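All remarks here apply to the structure that follows.
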Amino acid sequence: MKYHFNEIEKKWQKYWADNQTFKAENNSDKPKYYVLDMFPYPSGAGLHVGHPLGYIASDIYARYKRHKGFNVLHPQGYDSFGLPAEQYAIQTGQHPALTTEENIKTYRRQLDQIGFSFDWSREVRTSNPEYYKWTQWIFIELFNSWYNINLDKAEHIDTLIEKFTSEGNTNVNAACDDDIDIFSAEDWNGLSSEQQQAILLKYRLTYLAETEVNWCPALGTVLANDEIVNGVSERGGHPVVRKKMTQWSMRISAYAERLLQGLNDIDWTDALKESQRNWIGKSVGATVSFNVIASEAKQSPTSEKHVIDVFTTRPDTIFGVSFMTLAPEHELVEKITTPEQKEAVEAYIEATAKRSERDRMADVKTISGVFTGAYAEHPFSKEPIPIWIGDYVLAGYGTGAVMAVPCGDERDYAFAKHFNIPIPNIFKDVDISEQAFSSKDNVVIDNSDFLNGLSYKEATKKAIEALESIGQGKGKTNYRLRDAVFSRQRYWGEPFPVYYVNGMPQMIDVKHLPLTLPEVEKYLPTETGEPPLGRADVWAWDTKTNTVVDNALIDHKTVFPLELNTMPGWAGSSWYFFRYMEEKANRNRTFATEDALNYWGNVDLYIGGSEHATGHLLYARFWTKFLKDRRFVKVEEPFKKLINQGMILGTSAFISVLGIQILINGKENKNFLEIEVPTKYLIPISEIVVEAHNSNSNNVINDFIDEKLNEIKSKIPDVNIVVASQINKLHVDVSFVNASDELDIEAFKNWREDFKEAFFITEKDGTFKVKREVEKMSKSKYNVVNPDQICEQYGADSLRLYEMFLGPLEQYKPWNTAGISGVHSFLKKLWKLYFDDQDLRVNNAEPNKDSLKTLHKTIKKVEEDIENFSFNTSVSTFMIAVNEFTAQKCTSKAVLEPLLVLISPYAPHIAEELWQALGHQESISTAPFPEFDEQYLVESSKEYPISFNGKTRFTMELPLDMSIEEIEKAVLANAKTQEQLQGRAPKKVIVVQGKIVNIVG
RNA sequence: GCAGAAGUGGUGGAAUCGGUAGACACGUUGGACUUAAAAUCCAAUGAGCAGUAAUGUUCGUGCGGGUUCAAGUCCCGCCUUCUGUACCA
């Protein structure tokens, strides 16, 4: 019987679906294990071979855990809100829901054919109203919460209102906005409802705030930093302006310390934890307030006093301050700039506005800045300090202002040198004539009044105390992590369950949710710059009927306007892993029942790309911590163990094309003197010929040009002919290239009309070689490989094995379809162990010693590999095992049956088929994993490598229990040893029992 | 600039604890089977030198040093590539 993989794979995929083989139980005696893949976005292009890499790895692990007796939850679903569907809708008018539905169908078909053990009964889609109802509910709960720093957790807003009512806010220690005034209980109780709401908004975990955004009026939308190039939009090149917009924000900063500390308790890679730590960016230091000295020109009795607040990690260097730098966008710049400097400052601000934030951050070589003409007063020495602006200071970071200490900071030093600003030295016995001294170790502060002679630590403490005593600063821990903007001016996202009464946001009660997306006629922003929901005619909230009603009914008494923004992509993906815990039947009552949440706890293994390091993975941790504070879930961290998979790159194929252009009397003329002569030739050249040409060892190309030239000259004598030639590289579709890098010329000609008639310079044997290069897989590079074709040609089991065989999971590696024949023939060899041409050849023969040894070393290795996520090496191990069993002519069921269980996580279809052939009625999926037994691997002797000065010369088989002395004796007695030594006496003989013998001398 | 990861044959990679570098594959070459092709099977395959051969021998894990009986692996200094990025004050 032959290995008909297509039939086998279809058969078992159907079996698994029909029998719900991989359905997870919420009640089970087995221990639980939750394996999750990062949420896929169903894009229109479908899957390419790079996408399933992580899914295959997690599937192997999930299947392995089932063999190990676990109740495994391995769900899948779609992060189905998103920009591509919306863009497509804008272009075609097709509703994003329809596009999304189509894309999901393709995804599902493609995923099914790879044979994943997903529990599809638990599928979620973020764009389904029954799902986003609960996303809206979480938003409302965030709105109804504040962060109590004393208890270090979020609480319901009612407890805050209670405090305000009884004692005001003097004793409230909350994560809140900076601009909060102190008020008493009486003050609070005397406020109007609107005033109270406005204050509460400053405390809520989600709140409305003015945020500066990159606004592109032409596109009517907000752009990300990297969508802006040289101050204009990447798409279309439209101008972009900085604009303040009122948007929803999430007070993630309240959780900064817990997000940081939580990293210590989770099993993630150090690299990933490090990037989250850097993102959170904790720094300990102090805030210092510098009073601006009112300039004479601006001095007037009414002019307000300006204060510049800075944060510094080095308050010990306060006496080293010789200037201050403000971000050009800093709000004080305009107020303090003197008339003389006005022009220069304005020009600088304008120039800065054109630079992207990223540009400003990466460029450290260019030093630029302008003096504002204003001075600040040093808090202690009362000396005037010049205030500069410079684009190395960013408005969004810290306070947007820096106290510059050039002797202790490289950047400040360079700035001071560049602009000839004094560099006072405040470090004892340190030379700062060439560079700044930025170390915190071995510092003795000098020239610093009361800080003289102190170390970094002592001086820092004392400086903070002194600042506090004069009321111009205090110790502070700063985090880089900023609150996350939660509004998007898009259509295809979750609507906010919010309506506005007198400009104040009001939440819709959860019992009236979901608030579903309204229909709009176009998916673009409105002409007045409102988000697409501004186009909806029926988008007002009737508080009497609790329904969405026509906008015409808005009277601001009982019918109010609804929020026009939608939520960002990360809203739905910040809690989906909890939704999977609940079975579909129970999902309408709550986002997940307590029983389900208690049973599954958190995700045991999470696999996905490292691009989510600081986005999704931080937000999901934030929401989990919030949900725990409010007792909706029990776990502090959502993902216990996390592995980043690398990317699969494409192996692009290029052909070299010789372009010849012939100018006759300076003109490109086909009908010169009425003789038709082609003036352009495009000649593809085989890569080997090009290489020979480049190394000057062959002139096929020059000969060809000469030949063409002579051809023309014979037709048109006595004219001035100029020939220009150039060799260019051209991407060709990888599907036209075989394993030996040879191009299918006919297929290529059919693909590219312009080469239909082209002459191809091939090898002597007529083959045409392409050049290969590794690049990102992308449509435009024609190097995309579709898993559909692979499944059809080689089968899903081959695809699964090959993706793993390519290399370590976390590494970036190129795809080359040619290599798949290796794993495919392995599967054929495996099949042949069980079937000959006609029948099953497996019998009940006693397994021989060698076969048992092969089996048990395979069990050991595969188990270790899976536990270490080293899937590539276990594929090699299978190959070795099958090669050995074949050589041993093994037919014993006692060996071949457990082998199937080992292979089943990797190649489940063939394993099921052979398992059934061995007489089993049940699926292999829960068959117990074979037990490793040491006794089969016990060796009595060892092939010792005998090396001389570290170089192995020959091997000797010696008993393992031989003593070191005896080994040394035996080795020295060996004739080959004497030959190596050539009469010399060895200086030393090193014997490592069971490992190696090294003779020195 | 900073941070992280990586660099091993023609290619993907293995060597998990400092102990026989190149497992397992792809590709290539030669052979068997076949009218032929495909498929399959067998053999060789890091580079150089010597030898008819068996074999011997030198070099060899990005580069330069070091530790060690022994280094792809450990230490110091560099180079290159990839990824991320926030001048964090």
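The values are calculated or read from the model by the stated rules, or taken from the named source; none is laboratory data. This one's a predicted model, so the numbers in the text were calculated from it and none came from an experiment. As a convention, Cβ positions derive from the backbone with ideal geometry for all residues, glycine included, and neighbour counts pool all protein chains shown. These area figures cover heavy atoms from the full protein model, side chains too; ligands, DNA and RNA do not enter into them. Shrake-Rupley method; radii C 1.70, N 1.55, O 1.52, S 1.80 Å.
Tell me whether the stretch A:648-656 contains one or more residues that are more than 16 Å from RNA strand B (Cβ to nearest atom), modelled with pLDDT under 85 and within 27 Å of A:Pro814 (Cβ to Cβ).
Yes: one or more hits.
Taking the stretch A:957-994, which residues are in contact (Cβ under 8 Å) with a residue 24 or more places away in the chain, under 52 Å from the mean Cα position of the chain (by Cα) and within 12 Å of RNA strand B (Cβ to nearest atom)?
Within the stretch A:957-994, A:Val991, A:Gln993, A:Gly994 qualify.
Just to be sure, is A:Glu979 of a type in the set (D, E, K, R) and in a strand (DSSP E or B)? Full working, then the answer.
Values: of a type in the set (D, E, K, R): yes; in a strand (DSSP E or B): no.
The answer is no for A:Glu979.
Would you confirm whether or not the stretch A:602-612 contains a residue that is open to solvent by 10 Å² or more (accessible area, probe 1.4 Å), modelled with pLDDT of 90 or more and under 20 Å from A:Pro40 (Cα atoms)?
yes
How many residues are buried (at least 21 other Cβ atoms within 10 Å of the Cβ) and over 18 Å from A:Asp119 (Cα atoms) if we restrict to the stretch A:10-41?
Count: 0.
Any chance you could count how many residues in the stretch A:225-255 are open to solvent by 30 Å² or more (accessible area, probe 1.4 Å), modelled with pLDDT of 80 or more and within 16 Å of RNA strand B (Cβ to nearest atom)?
Of the residues in that region, 1 qualify.
Among the residues of the stretch A:311-346 satisfying the criterion of being open to solvent by 10 Å² or more (accessible area, probe 1.4 Å) and within 11 Å of RNA strand B (Cβ to nearest atom), which is farthest from A:Tyr479 (Cα to Cα)?
Top of the filtered list is A:Val321.
Would it be correct to say that A:Ile389 is under 26 Å from A:Ile336 (Cα atoms), within 15 Å of RNA strand B (Cβ to nearest atom) and either touching a residue at least 24 places away in the same chain (Cβ under 8 Å) or open to solvent by 50 Å² or more (accessible area, probe 1.4 Å) (or both)?
Here the answer is yes, as A:Ile389 does meet what is asked.
Would you confirm whether any residue within the stretch A:775-797 is within 20 Å of A:Ile903 (Cβ to Cβ), more than 13 Å from RNA strand B (Cβ to nearest atom), open to solvent by 20 Å² or more (accessible area, probe 1.4 Å) and part of a loop (DSSP other than H, G, I, E, B)?
No, there is no match, as no residue in the stretch A:775-797 is within 20 Å of A:Ile903 (Cβ to Cβ), more than 13 Å from RNA strand B (Cβ to nearest atom), open to solvent by 20 Å² or more (accessible area, probe 1.4 Å) and part of a loop (DSSP other than H, G, I, E, B).
Just to be sure, is A:Asn442 away from RNA strand B (no atom under 16 Å from the Cβ) and under 41 Å from the mean Cα position of the chain (by Cα)? If you could, list the steps in order and put the result at the bottom.
Working: away from RNA strand B (no atom under 16 Å from the Cβ): yes; under 41 Å from the mean Cα position of the chain (by Cα): yes.
Criteria met by A:Asn442.
Just one of (1) outside the structural domain of A:Phe319 (by TED's automatic domain parsing); (2) open to solvent by 60 Å² or more (accessible area, probe 1.4 Å) trips up A:Tyr491, so point out which.
Status for A:Tyr491: all satisfied but (2).
Please go through (1) outside any helix (DSSP H, G or I); (2) open to solvent by 20 Å² or more (accessible area, probe 1.4 Å); (3) not polar (S, T, N, Q) for A:Ala552 and return the number of the only condition it doesn't satisfy.
(1)
Before we move on, is A:Gly93 within 30 Å of A:Leu513 (Cβ to Cβ), over 25 Å from the mean Cα position of the chain (by Cα) and surrounded by fewer than 20 Cβ atoms within 10 Å (Cβ to Cβ)?
yes
Within 15 Å of RNA strand B (Cβ to nearest atom), hydrophobic (A, V, I, L, M, F, W, C), within 30 Å of A:Arg66 (Cα to Cα) and surrounded by fewer than 17 Cβ atoms within 10 Å (Cβ to Cβ): does that describe A:Leu937?
Spelling it out, A:Leu937 is indeed within 15 Å of RNA strand B (Cβ to nearest atom), hydrophobic (A, V, I, L, M, F, W, C), within 30 Å of A:Arg66 (Cα to Cα) and surrounded by fewer than 17 Cβ atoms within 10 Å (Cβ to Cβ).
Of the residues A:Glu637, A:Glu594, only one is modelled with pLDDT of 90 or more, open to solvent by 30 Å² or more (accessible area, probe 1.4 Å) and either acidic (Asp, Glu) or within 22 Å of the chain's Cα centre (by Cα) (or both); which?
Going through A:Glu637, A:Glu594 in turn, just one is modelled with pLDDT of 90 or more, open to solvent by 30 Å² or more (accessible area, probe 1.4 Å) and either acidic (Asp, Glu) or within 22 Å of the chain's Cα centre (by Cα) (or both): A:Glu594.
Starting from residues that are among the aromatic types (Phe, Trp, Tyr) and in contact with a strand residue (DSSP E or B) (Cβ under 9 Å, 6 or more places away or on another chain), keep the ones in the stretch A:365-386 and report whichever is least open to solvent (accessible area, probe 1.4 Å).
Within the stretch A:365-386, the subset among the aromatic types (Phe, Trp, Tyr) is A:371, A:375, A:380.
Within this subset, residues satisfying the condition of being in contact with a strand residue (DSSP E or B) (Cβ under 9 Å, 6 or more places away or on another chain) are A:371, A:375.
Details: A:Phe371: 46, A:Tyr375: 90 Å².
Looking at residues that are among the aromatic types (Phe, Trp, Tyr) and in contact with a strand residue (DSSP E or B) (Cβ under 9 Å, 6 or more places away or on another chain), I get A:Phe371.
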